[in-house]
Amino acid sequence: MKFLKRILIALICVFLFSLTLEACAENIIISPKKGNVWHEGKTYTIKWKSLDEGVICIAILIGGHYAGVINDCDSCASQGKFKWRIPNGFVSGFGKNSDNYVRVVLYYKDNETKSFYSDYFTISK
């Protein structure tokens, strides 16, 4: 009887742990990663994983300030990637050679409070 009780407790723990992992991995940005350096005039792929359905907007934050939407708010969350050509002058047009405090933010078109962020990365001239 003790053996069956231990197995039942172990199975419950495994089940609860798997629920926790699924909740943590619901929406993540895979690329860009912390420390990446992306350059103006080049094309890069923003990659994410989302278990939710819906249409998402992809925006850029520079130094915590909104720099604009880059996809016209028309990407499916399940798509998982978006190619972005960084315009020339994106950071250098403001007198900087680079900015180290850039983030990608993805948010749902019908619920802007449901959003997720990349790590900080750099955009350089």
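The values are calculated or read from the model by the stated rules, or taken from the named source; none is laboratory data. Everything quoted here is computed from the prediction, not taken from an experiment. Cβ: placed from backbone, ideal geometry, glycine included. Neighbour counts: every protein chain shown.
Points worth noting:
- Considered as a group, the residues in the stretch 23-41 that are part of a strand (DSSP E or B) and under 15 Å from the mean Cα position of the chain (by Cα) include one that is surrounded by the fewest Cβ atoms within 10 Å (Cβ to Cβ), and that residue is Ile30.
- Strands (runs of 3 or more DSSP E) fully within the stretch 42-97 that include at least 3 residues being within 13 Å of the chain's Cα centre (by Cα): 43-50, 55-62.
- Residue within the stretch 116-124 that is out of contact with any Gly (no Cβ under 7 Å at 6 or more places or on another chain) and more than 19 Å from Ser31 (Cβ to Cβ) present: no
- The condition (being touching a residue at least 60 places away in the same chain (Cβ under 8 Å) and out of contact with any Cys (no Cβ under 6 Å at 6 or more places or on another chain)) is satisfied by just one residue among Thr113, Thr122: Thr122.
- Against the numbered list (1) in a strand (DSSP E or B); (2) at pLDDT 90 or above, Asn100 comes up short only at (2).
- The residue list Asp74, Asp119, Asp99 contains one member that is exposed (fewer than 15 other Cβ atoms within 10 Å of the Cβ), of a type outside the set (Val, Ile, Thr) and under 18 Å from Gly35 (Cα atoms), which is Asp119.
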